[in-house]
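In what follows, a structure is listed as structure tokens, so that the remarks can point back to it.
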Amino acid sequence: KDLIWRCDTAGRFTYLNQAWEQTYGYQTEEMLGRAFTEFEDPEGAVQDPEVFRKLLAGGSMTDYETTHLSKKGEAITLLCNAVPIYDAGDHIVGAQGTAYDITERKRTEAIREHLIEELEAKNAELERFTYTVSHDLKTPLVTIRSFLGLLHQDIAAGDADRIAHDTAYIDTAADKMGHLLDELLELSRIGRLVNTPEEISLTELVQHAAEQVAGQIEARSVVVAIAPDMPVIFGDRMRLLEVFQNLIENAVKFMGEQPGPRIEVTAHRNGEACICMVQDNGMGIEPKYHDKIFGLFERLDPDEQGTGIGLALVKRIIEVHGGKIWVESEGPGQGSTFHFTLPIREEAAQKTMAM
């Protein structure tokens, strides 16, 4: 239903039809005599002042959008048309116009745009997934096929040393393929298979994660400092254990030649969210790679062991929990800090993980 209005040259309402009460929640008497600027949403898109200046200059405005607040403080988006009001002497004495509540339409459009962006991102990821899977799976297959050919020759020649050499390469390639397929299956399950959410002590969880990779930590003499009394969060314990285990293991792996390798894990509460940080003093990451490293099969060092799925797995788990993850590093040799957010409140975690 159209909202009809008139105001004087000071922008004070002089007439409002019944539709304003239904849309804004105010009684008409509460709005009459007040300037339209009193109802503007300070955080929304507002064109009222500029439009009003044009109206007082004799212009008219069609199909412009503005955002106001209802009596409950809810944002209302309006599609408006307005013209100046003239007196008998052809002087402008105010303005009048109509407005239509398009809040729901705008909300639907925003959801639609978000879904389109998500779909485009997933399609791009799928294209990359298809290409990289075929490439990464093909590599060990080529190795297996090549050494099978050599194996036949060496068996025929009765060369025991070469037979052992060939089978070792075939075993390694088969193990690599099996590990890659396991991680791809794990990645595909996130968001579909969810363990029962529960309250989790971050300090205990991180200590457990560090224990899982204790061998790598000790082998490289890395000091892992875990902050005591970190917040209690709510989520999938097993998945979040994977997050910290992966990030700690990743930090250990990329320490480089650091003589005093150190990893610090901290977290603090920020409203209804918990901000976690895994910081190291290792090799660091160039800024141009800060987003790239979370992609599937991305390995900044092609000689390093691994499938390139780890950080993609971490990102997916964090996002399923309703959080986000990013990395900060000033560049090579400057260390890295992975930041990510997790929900504190039970309701927030259950809502996002059910999506």
Mind checking the log10 I(q)/I(0) for region 35-119 at q = 0.16, 0.20, 0.26 Å⁻¹? Debye, one equal scatterer per Cα, no solvent, two decimals.
-0.69, -0.93, -1.24
Between PHE294, PHE147, PHE36, where does the largest GNM mean-square fluctuation fall for the chain, given springs only between Cα atoms within less than 10 Å?
PHE36
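Report, in listed order, any pair from LYS288/LYS315; LYS106/LYS315; LYS1/LYS71; LYS253/LYS292; LYS1/LYS106; LYS253/LYS315 with a Cα-Cα distance greater than 21 Å. Mind dumping the intermediate values first?
Details: LYS288/LYS315 18 Å; LYS106/LYS315 30 Å; LYS1/LYS71 19 Å; LYS253/LYS292 18 Å; LYS1/LYS106 16 Å; LYS253/LYS315 19 Å.
Long pairs (Cα-Cα over 21 Å): LYS106/LYS315.
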Normalising by the residue count of region 1-77, find the relative contact order in percent from Cα pairs under 8 Å and 6+ residues apart.
25
Taking a probe of 1.4 Å, how large is the accessible area per residue of region 1-109, in Å²?
56
Please identify, among GLY322, GLY97, GLY331, the residue showing maximal mean-square fluctuation in a Gaussian network model of the chain using a 10 angstrom Cα cutoff.
GLY97
State, to one decimal in nm, how far the label point of ASN81 lies from the label point of ASP2, with both points 7 Å from Cα in the Cβ direction.
0.6
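Whenever you get a sec, compute what percent of the accessible area on the chain sits on carbon and sulfur atoms (1.4 Å probe). Display every interim value, and only then the final one.
On the way: 10340 of 20220 Å².
Whole-percent figure for carbon plus sulfur exposure: 51.
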Between the residues THR143, ALA121, ILE85, the Cα farthest towards the positive end of the dipole of the chain, that dipole coming from +1 and -1 charges on the beta-carbon of Lys, Arg, Asp and Glu, is from ILE85
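Calculate for the chain the 222 nm mean residue ellipticity that helices alone would give, adding -39,500 (n - 2.57) per DSSP H run of length 4 or more and normalising by residue count, nearest 500 deg cm²/dmol.
Computed ellipticity for the chain at 222 nm equals -14500 deg cm²/dmol.
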About its Cα centre, the chain carries a charge dipole, from +1 on Lys and Arg Cβ atoms and -1 on Asp and Glu Cβ atoms, whose size in debye to the nearest 20 is 420
All alpha-carbon distances of the chain, grouped into 20 Å bins from 0, give the whole-percent distribution 22, 35, 27, 12, 3, 0
Lys/Arg +1, Asp/Glu -1 at C-beta; the chain dipole; positive extreme among GLY333, ALA173, VAL314
VAL314
Pick out which of GLU328, GLU104, GLU242 has the largest mean-square fluctuation in a Gaussian network model of the chain, springs linking Cα atoms closer than 10 Å.
GLU104
With a cut-off of 8 Å between alpha carbons and a minimum separation of six or more residues, what is the relative contact order of the chain in percent?
11
What does the accessible area of TRP326 come to, in Å² to the nearest 10, when a probe of 1.4 Å is used?
80
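The values are calculated or read from the model by the stated rules, or taken from the named source; none is laboratory data. Fair warning: this is a prediction, and the values are worked out from it, not measured in the lab. Cβ coordinates were reconstructed from backbone atoms using ideal geometry, including for glycine residues, and neighbour counts include every protein chain displayed. In case anyone asks, the SASA skips ligands and DNA or RNA and just uses the protein heavy atoms, side chains included. Shrake-Rupley method; radii C 1.70, N 1.55, O 1.52, S 1.80 Å.
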